[in-house]
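Q: Take a look at this one; I'll ask things after.
The values are calculated or read from the model by the stated rules, or taken from the named source; none is laboratory data. Everything numeric in this text was worked out from a predicted model, so none of it was measured. Glycine gets a Cβ as well: all are built from the backbone with ideal geometry, and neighbour counts include every protein chain shown. To get the accessible areas, we keep the full protein, side chains included, count just its heavy atoms, and leave off ligands, DNA and RNA. Shrake-Rupley method; radii C 1.70, N 1.55, O 1.52, S 1.80 Å.
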Amino acid sequence: MSRRTPSPESATAADGIAAGRTLYGVLHLPPMPGTPFHVPGSLSAAIDDAVRDAEALRDGGADGALLQTVDRVYSTEDEADPARVAAMTRYVTRVADAVGDGFPLGVQIMRHAVSASLAVAKVTGAAFVRADAIVGATLSTHGRVAPDPLRIMGYRRALDAFDVQLIADVDSMHFSWEGGTETTGGVARRALFVGADAVCVAHPDEATALARIADVRDRVPEARIMLGGFLTHENAARLLADADGAFVSGCLTAPDGRVVTDRVRRLADTVREGRR
């Protein structure tokens, strides 16, 4: 397959998020109810914090936000405790109400709860999900992650959720092809073939990150490529030269973890310069 022909569903999904080069802030959510490190009674305040940070992202010129769980320990299966799903639904609903239309939100229930993420996104009207894995297998701190694309896409169809864009990590801090026998571009090609709408790559070394982007461009020229980390104000222009956008967190926050609007604005200006 030299080029992927988007399905009508994929075209609709793409229409639901920001066009062109995009900057998505990542909101790292504290441990959810139903997980070992959740602090009882903390959910309402944590949601308020997420709302405040999402508003700072919007006001600084970011294109949207990804709400990502940080529960510290996870199952490697495509599953999530009902309390986690309920809590994430509360988060997304409150944030969406606060930021208003035109600021797309994404859902990622870690480590590998892709189906639950799709369900939350569909029910709340979120624009996209990020999947840590969609093809192959990868090793993680929590064990081996082996996605089942048939199950994921079957559930996506059952939900009528092809209007929710699916962005899949293919070579990043979340995913590395087990065995090392496939290139970044090869994994991207496989991920798009089974139903991903975009792919995500990352590496702390700038030259390596650029090489991963180039390999995807070589194998799948039409692919939408997102950077999944390690973007800073200093390297953004270079890393985004041939990528379509980025998920960003660390360089946008103060030492206490709060999003700083001025830091968002500085990075958003760099992204806008690249759109011209």
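Q: Provide the packing ranking of 215-228, 118-131, i.e. peptides ordered by the mean count of other C-beta atoms within 10 Å per residue, highest first.
A: 118-131, 215-228
Q: Heavy-atom accessible area per residue, region 148-276, 1.4 Å probe: how many Å²?
A: 44
Q: Sticking with this structure for a sec: When only Cα pairs under 8 Å and 6 or more residues apart are kept, what is the percent relative contact order across the chain?
A: 21
Q: What FRET efficiency would be calculated for the residue pair Arg21, Val123, taking the C-beta separation as r and a Förster radius of 41 Å, to the nearest 0.05? Present the calculation step by step, with values, prior to reporting the outcome.
A: Values: r = 29 Å, r/R0 = 0.71.
After rounding, the FRET efficiency stands at 0.90.
Q: Determine the per residue accessible area of region 21-93 with all protein chains present and a 1.4 angstrom probe, expressed in square angstrom. If you can, show how the numbers build up before the last one.
A: Values: 2870 Å² over 73 residues.
For region 21-93, the per-residue accessible area is 39 Å².
Q: Let a ≥ b ≥ c be the square roots of the eigenvalues of the Cα gyration tensor of region 118-163; is it rounded (a/c under 1.5), or, if not, prolate (a/b larger than b/c) or oblate?
A: prolate
Q: Taking semi-axes √(5λ) of the Cα gyration tensor in Å straight from the coordinates, which label in [x] 41, 19, 16; [y] 33, 26, 16; [z] 25, 23, 18 is the correct one?
A: Label of the calculated value: [z].
Q: Per the 1.4 Å probe, what fraction of the accessible area of the chain, in percent, lies on carbon and sulfur atoms?
A: For the chain, the apolar C and S fraction of the accessible surface comes to 52 percent.
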